[in-house]
Every structure is written in structure tokens, then in C-alpha cells.
């Protein structure tokens, strides 16, 4: 996902609240006077499931909503498509407030905007994989040939090509969840809602599904809202995270912001024990390059630049900052002694290079292989900065202190 400022907003949620009970107005009045969920329940028996929820969902992002049991996360995702009726507030998708729609309009909006993947797979045992994937299209009245082709394409996207004629009981848990995902993709709704979708899977299968979801979301750019109670899962897959407690948002932000700048003691306790090296990235530890050489520089010029910067190797870039390689001081010194004017043959293109989103955990092994700063480059190969081992340790230490 790109920077938020460049993202169009797909969904706006404003002042959303949900009260479970026969006196919602009274519960909201007590909330507005400053009372919290436990006190309201004690005095009225009304449960404040959600309270004054405000957030945006950006086009093409994977937003994770998380919290412990009873935090309101499943209530929230069901309010988004009005499987649960909100008590107050607005849910605006593509400019349309679905809280104001009639039953018929809501049905049309659900088909257009939302596909849902459940924790328990929700497959029909008497239907084949192909027939399960087609189900939403069948309900919509899509022709047999069109829904067959669409479902086959979706099954291939999730890695189930060749399993079309199998039945759910013949599949593993992970494969069954892939069928549910294929059914959601086949419906071609613009938003994918996933409620604890991987919670019932074994840990290894769950990890595989997380990786496959990220790859699928990258290729399809499907706006995805993912509910989980698992912090590691949220940190692993989320572009942004919304953390709920007692029906209220306590913090929302990127995984790095949640880890390094917890909003309060509750969030700080929530993230205790997380291996921050798996979530913090090279961009967190990246430092500006003190000096670079040009491809046309000779060995004497390169040695002079290294001396000025106090370094014993130097990265070489093209005029448009594309990384070409590295020259070591010892090699440049040998070239000077040999009275060579060109250093092009000294440039070693096989240098440690990562993208800005590379987890810090994967950098430690690279330092042990070669004692030079790790180059950070963008998708075009342009040098953005470098990471030294001390900077990695410093970032992890600061994250731990926070």
C-alpha cells in the first residue's frame, strides 16, 4: 500500500455505536455522560458493544481489526455490512451510507460491495469445490457458463486447480479455507471481509495462509478487512491495525507505530513479548549514505572520498542514483599502486542489498556474511540509504524501551 495521502478512501466509519439491549438510548446517554461499558451494564443490563468508532479504510489496503474476546471486533465487521444493525453512526462506502438503505437496497449493496470469509469455512458438504466456489454467483443469477469460468479462475488463484471435483471432506483445513476464499473472490465484490478466517487452522498452515493472503492481496489489490485476536498475525499481514478494547478504539496505526509508540499502558502490555525484529524494517534503521562514488571516478578519487568520510569501502551509483556495486579501499589502493586510472573493474556488484520493507530479523545473517553496510534500494535499484549493525541494535533497543 502507498502512503495514506495518496490513497483514496474506500470506507468511512463515523461515530458508530452498537448497544445490545432494549434501552439503547439510555445506554448512549450514560456513555455520553462519561460512563464506561462495565458501569453501564451494571446499572442497565445494556451492553455497549461498540462506542463512537471512527476510522477510514483505504482503497486496496489490508486493514486488521484486532482485540481480545469481547472487544467488539466481530460486532464491528458485522456492522459494516449490517448483518448487525448499528445503533447510531454512518458507514459510507464509495460515497453511499449503507445505514440509510432499505432492505432491497441493502441486499444489492452487499452483493456489490462485500464478500465474507468465515472462521468455520461455511462450505456445503454436499457440493463439490467447484460448486461451492460458484455459490454466490449462482444466487446472483449468473449464467452457468460464466459462473463456472469465474469460479475456476478463482480456484486457480488460491492454488486449487485440479481439485474442482473434490468434496470438502476430502480437503485439509487449509484447503477448505482456500475454497471459502475462492468463493469470495469469485463474487468480485470490492471489499473482502475476513472474520477470524485462519483461527481454526494449524499454526504452520495458518502461517502459509497468511503469506498467500498477502500475495493474493498484492496481485488483486482487493480492499481487505481482517479480524483477528492474534497480535503476531496482525503484525504479519496488516498494512494498518486498529486495536479495540471494550468496544472502543484504543489505537490505530501501522505495525511499526503500534510497536514503537503504544498509545497507553494497555497497548504496551498487549505487545509485550513480541519479537520486534520481525516487524521493524530496514527503513527504521536506515541511515543516509555519507559518501558515494560515481562510475567514472578513478581509484584515487574513490580513496579520497573514503578518507573524507572515514570509511573503508564506498558504494558506487549511476547518475540517477541506481546502485552499481561496492569498491573496497584495499582494492582501490592496489589500483593506485598499479597506476590505473579507471576503477570500473574494481566495482563488486554482488553487495548486500535489501528493500526498505525488509524485516530487521533477516539482516543479522547478512552482517555475519560480510562486514559492510547493507544497502537499501527501492524497486528501481536507486540507493536510499545504508544499514549498519549498530543501527539495527539501536532501533531494537529503542523499541524495547518504549
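The values are calculated or read from the model by the stated rules, or taken from the named source; none is laboratory data. For clarity, every value in this text was computed on a predicted model and none was experimentally measured. When we count neighbours, we look across all protein chains shown, and the Cβ atoms used for this are built from the backbone with ideal geometry, even at glycine.
Quick notes
- Between 74, 17, the distinction of being more than 26 Å from residue 111 (Cβ to Cβ), in contact with a strand residue (DSSP E or B) (Cβ under 9 Å, 6 or more places away or on another chain), assigned by TED's automatic domain parsing to the domain that holds residue 244 and outside any loop (DSSP other than H, G, I, E, B) belongs to 17 only.
- Elements of the type strands (runs of 3 or more DSSP E) sitting completely within segment 318-393 and holding at least 3 residues that are in contact with a strand residue (DSSP E or B) (Cβ under 7 Å, 6 or more places away or on another chain) and closer than 21 Å to residue 297 by Cα: these cover 323-328, 383-387.
- Residues of segment 231-247 that are at pLDDT 85 or above and surrounded by fewer than 19 Cβ atoms within 10 Å (Cβ to Cβ): 245, 246.
- Among residues of segment 130-141, those that are surrounded by fewer than 18 Cβ atoms within 10 Å (Cβ to Cβ) and either in contact with a strand residue (DSSP E or B) (Cβ under 8 Å, 6 or more places away or on another chain) or under 11 Å from residue 188 (Cβ atoms) (or both), counted: 1
- Where strands (runs of 3 or more DSSP E) sit wholly within segment 197-270, those with at least 3 residues that are within 30 Å of residue 175 (Cα to Cα) occupy 223-228, 240-245.
Yes/no per residue for (1) farther than 18 Å from residue 386 by Cβ; (2) surrounded by fewer than 20 Cβ atoms within 10 Å (Cβ to Cβ); (3) within 42 Å of the chain's Cα centre (by Cα):
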{"position": "280", "(1), (2), (3)": "no, no, yes"}
{"position": "314", "(1), (2), (3)": "no, no, yes"}
{"position": "321", "(1), (2), (3)": "no, yes, yes"}
{"position": "336", "(1), (2), (3)": "yes, yes, no"}
{"position": "347", "(1), (2), (3)": "no, yes, yes"}
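- Test: residue in segment 95-102 that is surrounded by 13 or more Cβ atoms within 10 Å (Cβ to Cβ) and assigned to a helix (DSSP H, G or I): yes
- Residue match in segment 187-204 (condition: in contact with a strand residue (DSSP E or B) (Cβ under 7 Å, 6 or more places away or on another chain), touching a residue at least 60 places away in the same chain (Cβ under 8 Å), at positive phi and surrounded by 18 or more Cβ atoms within 10 Å (Cβ to Cβ)): yes
- Residue match in segment 287-307 (condition: in a strand (DSSP E or B), modelled with pLDDT under 90, in contact with a strand residue (DSSP E or B) (Cβ under 8 Å, 6 or more places away or on another chain) and closer than 30 Å to residue 260 by Cβ): yes
- Residue check, residue 69 loosely packed, with under 15 Cβ neighbours inside 10 Å, more than 30 Å from residue 235 (Cβ to Cβ) and either touching a residue at least 60 places away in the same chain (Cβ under 8 Å) or assigned by TED's automatic domain parsing to the domain that holds residue 246 (or both): no
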